[in-house]
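One structure is given here, and the rest of the page talks about it.
The values are calculated or read from the model by the stated rules, or taken from the named source; none is laboratory data. As the structure is a prediction and not an experimental result, all values here were calculated from the model. Ideal geometry is used to build each Cβ from the backbone, glycine not excepted, and the neighbour counts take in all protein chains shown. Note: areas computed on protein heavy atoms with side chains; ligands, DNA, RNA excluded. Shrake-Rupley method; radii C 1.70, N 1.55, O 1.52, S 1.80 Å.
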Number of protein chains: 2
Amino acid sequence: MNFYSPPLHEMLFAMKEHGGLDAVLAQVGNEEVTDDLVEAILEEASRFASDVLAPINARGDTQGCRWNNGVVTTADGFRHAYSGFCDSGWNGMPSGTEFGGQGMPTLVSTAVLEMWKASNMAFSLCQMLTLGAVEAITHHGSEELRQRYLPAMIEGRWTGTMNITEPQAGSDLAAIRTKAIRDGDHYRISGTKIFITWGEHDMAENIIHLVLARLPDAPPGVKGISLFVCPKFLVNADGSLGERNDLVCASIEHKIGIHGSATAVMSFGEGPGAIGWLVGEPHKGLACMFTMMNHARLNVGLEGVAISDRAYQKARQFALDRVQGKTLGREGASNATIIGHPDVRRMLMDMKARVEAMRALAYYTAGQMDRAHGHEDPSTRQKAQTLVDLLIPVVKGWCTDNALGITSDGVQIHGGMGFIEETGASQHMRDARITTIYEGTTGIQANDLIGRKLTRDGGAAMKELIATMQADVESLRAAGAAEDAMLEGIALAVGNGLRALTEASDWLLAASPRDAAAGAVPYLRLCGTVIAGWLTARAAQVATLRLARGDADAAFLNAKRITAHHYAMHVLTGADALRDTVLHGASTTLGLTDAQF
Amino acid sequence: MNFYSPPLHEMLFAMKEHGGLDAVLAQVGNEEVTDDLVEAILEEASRFASDVLAPINARGDTQGCRWNNGVVTTADGFRHAYSGFCDSGWNGMPSGTEFGGQGMPTLVSTAVLEMWKASNMAFSLCQMLTLGAVEAITHHGSEELRQRYLPAMIEGRWTGTMNITEPQAGSDLAAIRTKAIRDGDHYRISGTKIFITWGEHDMAENIIHLVLARLPDAPPGVKGISLFVCPKFLVNADGSLGERNDLVCASIEHKIGIHGSATAVMSFGEGPGAIGWLVGEPHKGLACMFTMMNHARLNVGLEGVAISDRAYQKARQFALDRVQGKTLGREGASNATIIGHPDVRRMLMDMKARVEAMRALAYYTAGQMDRAHGHEDPSTRQKAQTLVDLLIPVVKGWCTDNALGITSDGVQIHGGMGFIEETGASQHMRDARITTIYEGTTGIQANDLIGRKLTRDGGAAMKELIATMQADVESLRAAGAAEDAMLEGIALAVGNGLRALTEASDWLLAASPRDAAAGAVPYLRLCGTVIAGWLTARAAQVATLRLARGDADAAFLNAKRITAHHYAMHVLTGADALRDTVLHGASTTLGLTDAQF
């Protein structure tokens, strides 16, 4: 029931064809990362994901975490799995080598992270939060803080958290009230934080909380927030654990999904105040947060990919096994399994096509992050960073938005059994439900996309991307699409999508901020639909070329063509409607008074 | 938190303008049902729904039902509520007067049922199943069976169930194996049935199970299934309860939602065989089932409407209360509630527009059912029945399909709080999840739509409906749409949708059965989108006329116009994409081999 088989063939294809693996590995700093090493890492990770993490995933869901007087106990098997995870070096794999990480390119760690998320999303969040905290301390912490915290956090002996949200401060960080008061070389923190993922648990010796709080002289709003590191146990100079800090897990939440991870209410400073140290400059906490935002948002987008793939695998297996009814057009075949039913096949094809398109987009963006980080040419780095900044809200918003529908279709394919919890299809749907909310809701991503990424350069970055995509469509045509009806259909659909994207972008650049905001989410969906459609078209072109050369991998490559064509006929077909909604939707969206709702 | 306020204003509008309430009440047989009586019934029902059923809805979800050695105990308050429900005569309201019902028109009972479903969907299922059993016994039972069972079932002292599904027989009823063997004037039934809604509980004195089973001489497949009535307690000649029958609830399921209702595994004949009586002719059980199918499917479609409206009300309240961030375009306003944020408003408008469109479609169909049942002119009856048969799969499939997205958006509007179970937004999403599965999945509805309803008369019924809708679009234009940009936009969008629907219908009529089946669900969505769009356009037209006449209800009527326009710009815009998917989607949907998935 908890079977998960990482799709290594698909992942390697996406890393090479969309992420540009060869170019990434050729960059200075990646000399030791060879093709063979990458494949070995993926295979090792695949074993850990399917053998260790996937089997305890349902247990995490049913047992959940237990809270008792501030102590949180994880589900059976989680402690053991986490200790194996750290012993194998997986925790620090994406972190830099200076403090014990393996310094893998983002593209490689993205593929590995996909496996953790697909096999056990709740478990994977612990590492994800720790990586975020490591990144913040690495970039903004003093040398002393780095020396004191990073080695154990990268090793995984200590885990990390982000304490951002407060009851009155969700998407609106300006409303944060938690206080920090100077006390010698450190600060005393007091306040209540909610929705703290892995805020308390029993898998690690210490938990290093990063906390957003206000200093007494802080200006109001987001320009008055500072970042502090507050360990659960104070750390002595020799690295050993000292006293318990004045912070406690007041309760944990009862959630729709990701039951295997505790979502904590954290109470700081019920006594003299939790001791914390400033990270970065006073009042500049938000800038420190932004440092890790791109990785964090990529990773949540990746959760959309991962949980969708898991749901797809489960539905596929059920459809291959379940005998029910006769198959239209396959009369006479006995024991018809439901994968033969056209509508079941339609749902499976939709799931498969979207998962591959989403993976293409996520891995493409990860590859660009590696270029932005380590390419030798500064202008290439800059160009890649601009592209990353533009794409991150799309990856986060679109992949998670898709995941809601895909995991729900996974339930649907199971029919009545899908509604029964023991079947397991439900967990993926419930787990997926958080992904469009945390790390910035879809609305927040869309506002970032149109408010900052699209408009701050007058649409230049988007127009350059559109030009690149347009050139690829023309190259697809030039490469013989006219004699290949499938490629021609794909090229037409992408071309049409690009026209819609251009029109919507132009409209938004001219619109009032409020009208633009009304169209922000439809625009984000349009961006995801078209940009991922372009990538699937490239995949189809690559597959066609290889097939023409007699590549032995014919079944896989043919499937790539058909899947890209499916995406064109079932997903890209929606591009015009999204554009129309952007162009004509604001007046009705904003047309009623509050009282008319 | 469990607030529910039945939207009586909206309901009455839909009953009058879409259901044709005046015409229904003018029919022979409805003499005693006056306008005033209808409004009084709705107001009474509204009080019961909001005061009695809504407050125990969350408790049903959290406590669920408990099974102990065959005995099922419902959540606290359910027994009491059920007894009040029956004492007030609500249970038998839709049933005929011959055995104690109130014989209300379907249109009126539909509005009342919407309130039960919105306030407490799990609770409402008990009546729904009882009504189905009453309908089957009324139409197909012997006079003795009718006399013996109907009065107590209509009163609600006894409840009813439908025992259809078996582990190997879900959508495929041909695979049913439960056996019935003649034993004097009755039969002995043995077999296992699953997914039996309200199959066992503590709210009524007796439970009357309708069971599909095979006689020893039954032909194979669906033409060998007979229908039996199997009471939990045998009923003596004087109506008193006798011995316990040989049937038991073996267990109940752990489900995604509708926890307040027990979904039972029923074991018949572990001893000498459960005693049952044949309903209707031997081997004609499926025909008996079809009798109640239209009402049952209308009612599940109505669940889509109801649970969506409940989710909308909850999200609206949260958006009106929650202070977060600044409102774009409303700078300076302090305490900005999130309903001012354009994207929150977009989601709320989408929910509102879809709910009203779905209600319009459901009530329109209910009104046609009343015409089909009781209009004095036989050709009007026949025409209405044809329309009902065409629309039922659309009501069921489209309204429930929409409900998944709407209830999920309800969670989204709550942000992080939406993911927390105590908030209550989750329950509506989880409850809604069954509606696209039971009473025939969306795929089954779509196959019924294209395989039977569209094609059996060569598309005549659909073409006639399209012609009616087309004429209305022209009348909308003639009525002055040219001087009214909003009406013009709506007319254009509906006209465009009708073109798409015509093209898709024509294509399906000419397609191979397998290709057609691949496009069945997109076609069903297209039908729902366009037909409900036509109804919202009619609502806008009515509202415009009334406003021109100086109707005092200006805010409501203006909202109707804007909401219809929103539907046109945000939902009808998707019609072309659905058509394209039907026309071009089959090759890719059916393109892969099983091994390529």
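So here's what we get for this one:
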{"read-out": "Index of the failed condition, B:E422 passing every other in (1) open to solvent by less than 10 Å² (accessible area, probe 1.4 Å); (2) within 10 Å of chain A (Cβ to nearest Cβ); (3) farther than 30 Å from B:A384 by Cβ", "value": "(1)"}
{"read-out": "Single match in A:G221, A:G199, A:G239 (criterion: within 14 Å of another protein chain (Cβ to nearest Cβ) and modelled with pLDDT under 95)", "value": "A:G221"}
{"read-out": "Per-region count, the range A:75-110, residues over 28 Å from A:E143 (Cα atoms) and in contact with a Lys or Arg (Cβ under 9 Å, 6 or more places away or on another chain)", "value": "4"}
{"read-out": "Residue satisfying all of: in the range A:133-143; open to solvent by less than 10 Å² (accessible area, probe 1.4 Å) and not β-branched (V, I, T); farthest from A:H259 (Cα to Cα) among these", "value": "A:A136"}
{"read-out": "Residue selected from the range B:166-187 under the condition modelled with pLDDT of 95 or more and crowded, with 22+ Cβ neighbours inside 10 Å, by the criterion farthest from the other protein chains (Cβ to nearest Cβ)", "value": "B:Y187"}
{"read-out": "Positions within the range B:78-132 being open to solvent by 30 Å² or more (accessible area, probe 1.4 Å), hydroxyl-bearing (S, T, Y) and under 14 Å from B:F48 (Cβ atoms), in sequence order", "value": "B:S83, B:S88"}
{"read-out": "Residue check for B:E483: surrounded by fewer than 19 Cβ atoms within 10 Å (Cβ to Cβ) and either touching a residue at least 12 places away in the same chain (Cβ under 8 Å) or more than 14 Å from every other protein chain (Cβ to nearest Cβ) (or both)", "value": "yes"}
{"read-out": "Counted residues, the range A:154-197 - those being out of contact with any strand residue (DSSP E or B) (no Cβ under 9 Å at 6 or more places or on another chain) and closer than 20 Å to A:G273 by Cα", "value": "1"}
{"read-out": "Test: residue in the range A:28-41 that is in contact (Cβ under 8 Å) with a residue 12 or more places away in the chain, assigned to a loop (DSSP other than H, G, I, E, B), more than 29 Å from A:A136 (Cα to Cα) and not β-branched (V, I, T)", "value": "no"}
{"read-out": "Matching option when the condition is at pLDDT 95 or above, crowded, with 23+ Cβ neighbours inside 10 Å and more than 13 Å from chain A (Cβ to nearest Cβ), among B:G528, B:G497, B:G519", "value": "B:G528"}
{"read-out": "Positions within the range B:542-585 being more than 7 Å from chain A (Cβ to nearest Cβ), surrounded by fewer than 24 Cβ atoms within 10 Å (Cβ to Cβ) and in contact (Cβ under 8 Å) with a residue 24 or more places away in the chain, in sequence order", "value": "B:V542, B:T544, B:L545, B:F556, B:R561, B:L583"}
{"read-out": "Unmet criterion (only one of (1) in contact (Cβ under 8 Å) with a residue 60 or more places away in the chain; (2) farther than 19 Å from B:A26 by Cβ; (3) open to solvent by 10 Å² or more (accessible area, probe 1.4 Å); (4) of a type outside the set (K, R)) for B:G374", "value": "(2)"}
{"read-out": "Residue count for the range B:254-276, restricted to those that are closer than 30 Å to A:H414 by Cβ, open to solvent by less than 50 Å² (accessible area, probe 1.4 Å) and touching an Asp or Glu at 6+ places or on another chain (Cβ under 8 Å)", "value": "14"}
{"read-out": "Only one of A:T161, A:T192 that is at pLDDT 95 or above, crowded, with 23+ Cβ neighbours inside 10 Å and of a type in the set (S, T, N, Q)", "value": "A:T161"}
{"read-out": "Qualifying residue in the range B:431-443 (condition: in contact with a Pro (Cβ under 6 Å, 6 or more places away or on another chain) and either surrounded by 24 or more Cβ atoms within 10 Å (Cβ to Cβ) or more than 12 Å from chain A (Cβ to nearest Cβ) (or both))", "value": "no"}
{"read-out": "Meets criteria (out of contact with any Cys (no Cβ under 6 Å at 6 or more places or on another chain) and modelled with pLDDT of 95 or more) for A:D484", "value": "no"}
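Residue-by-condition table, conditions (1) facing chain B (nearest Cβ under 9 Å); (2) touching a Cys at 6+ places or on another chain (Cβ under 8 Å); (3) crowded, with 24+ Cβ neighbours inside 10 Å; (4) farther than 28 Å from A:T165 by Cα:
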position	(1), (2), (3), (4)
A:G405	yes, no, no, no
A:R452	no, no, no, no
A:L465	no, no, no, yes
A:M469	no, no, no, yes
